[in-house]
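A quick write-up on the structure given underneath.
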Amino acid sequence: MITLAIAGKPNCGKSTFFKAATLAQAEIASYPFTTIDANHGVAYVRTACPCKEMHVPCENCVDGVRFVPVGLIDVAGLVPDAHQGRGLGNQFLDNLRQADAILHVVDASGATDAEGNPVEIGSRDPLKDIEFLQYEISMWMYGILSRNWAKLQRQAQAREFSLAAAIAEVFAGLGITYEHVRDATTAVGVDLRTAGEEEMVEFCRELMRISKPMLIVGNKADQAPKKCLDRLAGRDIIFASAAGELALRMAAEGKFIRYLPGDRSFEIFPGVNLSAAQRAALQKIAAFMEKFDGTGVQMALDTAVFKLLDRIVVFPVEDEHKLTDSKGRVLPDAFLMKRGSTPRDLAYQVHSDIGEGFLYAIDARTGMRVKDTHELKNGDIIKIVSVRR
């Protein structure tokens, strides 16, 4: 399963974002270090289910909207110099190891200082929070590399020694590959064998960017003054109101409104008895959604998976005519695949035995056989034919 990490300084709304995205229990309070241990949950990315297009009954979507699970980690707040152990330090940077991508939540309202303490709204430049997290993670990675550098330099004396492969081995626990190291080395344009500290830090920053892609989420945008929003404008950033999303999901769960995560609006059910305060709160959320095309929470999840990680959704079936599995369930599975994946890749993701026995695949839409070199597209419905089941 793809795993996203929610990171940022304390008190920027990470736990609210996590709870809104997962409806899991997470302690929420307006003081630093509310989250001590990382919270783990399951969120969902939104895609179109092909059931309506294919005219088949489906019990795995809601009105043609399919939600595909991803892992979500709420990492406790990071403070400046966390890479040196300050605050809760390396314990929380270490929680980022298992993440495929990072949702960097910043306080777009400028109402918390560098430590996460409440200050007057608009008094903190939110751009500083973006720079700080990228610095902390790259310095944390530099610390790991520098502790191993003397050993790597000794090994580098061997004629056939690959420094890039050795660095990848050092960072293997972070999911970093040889290709990540190679691409980062090319991007910074330095010879790591002779690089100085400044160049090594830049290399680690680039390695972080490639191996742990990051999406900026400007949370508390519903409270943000114009000057803070303007500071963040023009960047690849998603403005969000995690508190608004949480309120909507709770209201939908309570049958007060009709709302699916990612919708750009919601509808209050007729006859629902709401107080004046509740109606006013919903009106405020509706105004935010109209301005920003939703609350931003689902958009952030979808953007991280489909754009940042470049995933597509593929639906494997066993009966290409009825679009069912062996138990007769219609479109039971939806797999997130890397763009450029082939039917053989899908076969391996279904089960290693099926991958090893792969013969060919059938595109359920066309009924045509496709080769193992065929590039899968988003929304494909594929039957795998294998000699091993």
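The values are calculated or read from the model by the stated rules, or taken from the named source; none is laboratory data. Values in this document were obtained by computation on a predicted structure and should not be read as measured data. All Cβ positions, glycine included, derive from the backbone under ideal geometry; neighbour counts span all protein chains shown. Accessible surface is based on the protein model in full, side chains and every heavy atom, while ligands, DNA and RNA are left aside. Shrake-Rupley method; radii C 1.70, N 1.55, O 1.52, S 1.80 Å.
All conditions in (1) farther than 30 Å from Gly122 by Cβ; (2) open to solvent by 80 Å² or more (accessible area, probe 1.4 Å) hold for Gln283, with the sole exception of (1).
I'd like to check something: does the range 321-334 contain any residue that is among the small types (Gly, Ala, Ser) and closer than 19 Å to Asn378 by Cα? Scanning the range 321-334 turns up at least one residue that is among the small types (Gly, Ala, Ser) and closer than 19 Å to Asn378 by Cα.
Selection of the range 238-266 for residues being buried (at least 17 other Cβ atoms within 10 Å of the Cβ), of a type in the set (D, E, K, R) and in a helix (DSSP H, G or I) yields Glu245, Arg249. Contact map, the range 370-389: residues that are farther than 23 Å from Ser326 by Cβ paired with residues that are open to solvent by less than 20 Å² (accessible area, probe 1.4 Å) and in a loop (DSSP other than H, G, I, E, B), Cβ distance under 8 Å, separation 6+ or inter-chain. Pairs shown: Glu375/Ser341.
Of the residues making up the range 121-144, those that are over 25 Å from the mean Cα position of the chain (by Cα) and either aliphatic (A, V, I, L, M) or open to solvent by 50 Å² or more (accessible area, probe 1.4 Å) (or both) are Ile121, Ser123.
So that you can scan it fast, the table gives a plain yes or no per residue for (1) crowded, with 18+ Cβ neighbours inside 10 Å; (2) at pLDDT 90 or above:
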position: Ser146; (1), (2): no, no
position: Ala150; (1), (2): no, no
position: Ile167; (1), (2): yes, yes
position: Ala172; (1), (2): no, no
position: Asp183; (1), (2): no, yes
position: Asp191; (1), (2): no, no
position: Glu197; (1), (2): no, no
position: Cys204; (1), (2): yes, yes
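Within the range 1-14, residues that are within 21 Å of Asp302 (Cα to Cα) and surrounded by 24 or more Cβ atoms within 10 Å (Cβ to Cβ) have Cβ atoms under 8 Å from residues that are of a type in the set (Ser, Thr, Tyr) and modelled with pLDDT of 90 or more in these pairs: Cys12/Thr112, counting only partners at least 6 apart in sequence or on another chain.
Pairs meeting the criteria (first residue in the range 106-127 and more than 20 Å from Leu215 (Cβ to Cβ), second residue open to solvent by less than 50 Å² (accessible area, probe 1.4 Å) and aromatic (Phe, Trp, Tyr), beta carbons under 8 Å, at least 6 apart or on different chains) are Ala114/Phe132.
Elements of the type strands (runs of 3 or more DSSP E) sitting completely within the range 348-389 and holding at least 1 residues that are open to solvent by less than 90 Å² (accessible area, probe 1.4 Å) and among the polar types (S, T, N, Q): these cover 381-386. For the range 216-231, name all the residues that are surrounded by fewer than 21 Cβ atoms within 10 Å (Cβ to Cβ) and either touching a residue at least 24 places away in the same chain (Cβ under 8 Å) or of a type in the set (Gly, Ala, Ser) (or both). Within the range 216-231, Gln223, Pro225, Lys227, Leu229, Arg231 qualify. Residue check: Asp293 meets all listed conditions (1) in contact (Cβ under 8 Å) with a residue 12 or more places away in the chain; (2) in contact with a strand residue (DSSP E or B) (Cβ under 6 Å, 6 or more places away or on another chain) but one, namely (2).
For the range 208-237, the set of residues classified as part of a loop (DSSP other than H, G, I, E, B), within 23 Å of Asp263 (Cα to Cα) and of a type outside the set (A, V, I, L, M) consists of Lys220, Asp222, Gln223, Asp236, listed by residue number.
Scan the range 328-340 residue by residue and report those that are in contact with a Phe, Trp or Tyr (Cβ under 9 Å, 6 or more places away or on another chain), of a type outside the set (A, V, I, L, M, F, W, C) and open to solvent by less than 50 Å² (accessible area, probe 1.4 Å). Correct list: Pro332 only.
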